[in-house]
1. What residue among I51, I30, I122 shows peak mean-square fluctuation when the chain is described by a Gaussian network model with Cα springs under 10 Å?
2. Which residue fluctuates most in the GNM of the chain (Cα springs below 10 Å): S13, S113, S42?
3. Mind pulling the angle between the C-alpha long axis of helix 14-65 and the longest principal axis of the chain? Nearest 10 degrees, somewhere in 0 to 90.
4. Could you size up the charge dipole of the stretch 80-125 around its Cα centre, putting +1 on the beta carbon of Lys and Arg and -1 on that of Asp and Glu, and report it in debye to the nearest 20?
5. What ranking do T70, T83 get, fewest neighbouring Cβ atoms within 10 angstrom at the top?
6. Kirkwood hydrodynamic radius (Cα pairs, Å) of the chain?
7. Specify which residue in the list P98, G133, S67 is farthest towards the positive end of the charge dipole of the stretch 17-141, using unit charges on the beta carbon of Lys, Arg (+1) and Asp, Glu (-1), about the Cα centre.
8. At a threshold of 8 angstrom on Cα-Cα distance, excluding pairs fewer than six apart, so keeping six or more, what relative contact order does the chain reach in percent?
Amino acid sequence: MRLKNRNSEKGFSLIEVMVVIVILGILASIVGVKVIGHIEDSKRVKARTQIATFKTALDLYRLDNGSYPTTDQRLDALVSPPTVGKLPRKWREGGYMPKIPKDPWGNEYVYLSPGDNGEFDIISYGDDNEPGGEGKDKDVNSWEDDQE
């Protein structure tokens, strides 16, 4: 008759498994905090990139039509011909952009023309969708480079 030697059994004890789970939990929480910070940074970069794209499209609109769209015409004038205000003389067939995206936080961009800081202002109010703010709530504006 063979007797099993308990020491020859292979496997992990409950304590060993618990230690590994705790270590993995600590690592996951550290990585999670770092990743969340990078997600917010990437949203700000995306907003700046979209605003730069708007600026280029608006410059093309101005070259064709002699002026920027008005505040009432909004950024929508880059997608379809405006029907209010001063109508464009030579609106480009197909438009200047395929569509106007929302900002990375899911809100509409604010467009002012003439702007308070230039010929036009484009603003994303950030995560809180309110003027001003700091951190993730800080506005992204067309007139400043807010590299942090």
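1. Of I51, I30, I122, the Gaussian network model singles out I30 as fluctuating most.
2. The residue with the greatest mean-square fluctuation here is S13.
3. Approximately 10 degrees, to the nearest 10.
4. About 340 debye.
5. Ascending number of Cβ neighbours within 10 Å: T83, T70.
6. Here the Kirkwood hydrodynamic radius works out to 19.0 Å.
7. P98
8. 17 percent
A short reminder: the numbers here are calculations on the coordinates, not readings from a lab. Keep in mind it's a predicted model, so treat the numbers as computed, not measured. Ideal geometry is used to build each Cβ from the backbone, glycine not excepted, and the neighbour counts take in all protein chains shown.
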